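Taking it in order: structure first as structure tokens, then the write-up.
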Amino acid sequence: VQLQASGGGLVLAGGSLRLSCAASGRTFSSYGMGWFRQAPGKEREFVAAILWSGSSTYYADSVKGRFTIFGDNAKNTVYLQMNGLKPEDTAVYYCAAETNGIVVVTSRRGYDYWGQGTQVTVSS
């Protein structure tokens, strides 16, 4: 199982980015997918998660109303649309997959597979 994250970059405050996480190795139709981020000197924190069936999503309070997680089953890809970016959103963003797919998982310990991370930098 491999996860490939992409789409990071440098953006001005108030701007938008869309992160992608392409999964390969098996189909993820019954999995849960999540995005986490880690800023320098801080622990990795939960951002958003979705059940691959698309029926449930969950967001950290800090991104609620600004970020949207969604998936494309045909492409085995999950996305994180980030609008209204703030300097405090600057971090390395990681996608992850968990194999239960029953309830949305917000703890990093609940995830089985991780992507390599993509840097998001928001300049003021």
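Considering only DSSP beta bridges where both residues belong to the chain, give the percentage that are antiparallel (nearest 5). It would help to have the intermediate numbers written out before the result.
On the way: 38 of 42 bridges.
Of all bridge pairs located within the chain, approximately 90 percent are antiparallel.
Show me, for the range 10-24, the HN-Hα J-couplings you get by feeding each phi into the Karplus relation (A = 6.51, B = -1.76, C = 1.60, θ = phi - 60°), rounded to Hz, glycine and proline as x.
9, 9, 6, 3, x, x, 10, 9, 10, 8, 10, 9, 8, 9, 9
Given a 1.4 Å probe, how much area per residue of the chain is accessible, in Å²?
50
What lysines sit close enough to Lys64 to cross-link, taking a C-alpha to C-alpha distance under 18 Å and skipping anything fewer than 8 places away on the same chain?
Leaving aside lysines fewer than 8 places away in the same chain, those within reach of Lys64 are Lys86.
Post the alpha-carbon centroid distance, the range 74-121 to the range 1-65, in whole angstrom.
If we compute the Cα centre of each part, the gap is 2 Å.
If you add up the charges near Phe67, with Lys and Arg at +1 and Asp and Glu at -1, over every other residue whose beta carbon is less than 12 angstrom from its beta carbon, what do you get?
Around Phe67, the charge tally is +3.
The values are calculated or read from the model by the stated rules, or taken from the named source; none is laboratory data. Given the structure is predicted, the values throughout are model-derived calculations rather than measurements. No Cβ is skipped: glycine too gets one built from the backbone with ideal geometry, and neighbour counts run over all protein chains shown. Calculation scope for accessible area: heavy atoms of the full protein, side chains included, ligands and nucleic acids excluded. Shrake-Rupley method; radii C 1.70, N 1.55, O 1.52, S 1.80 Å.
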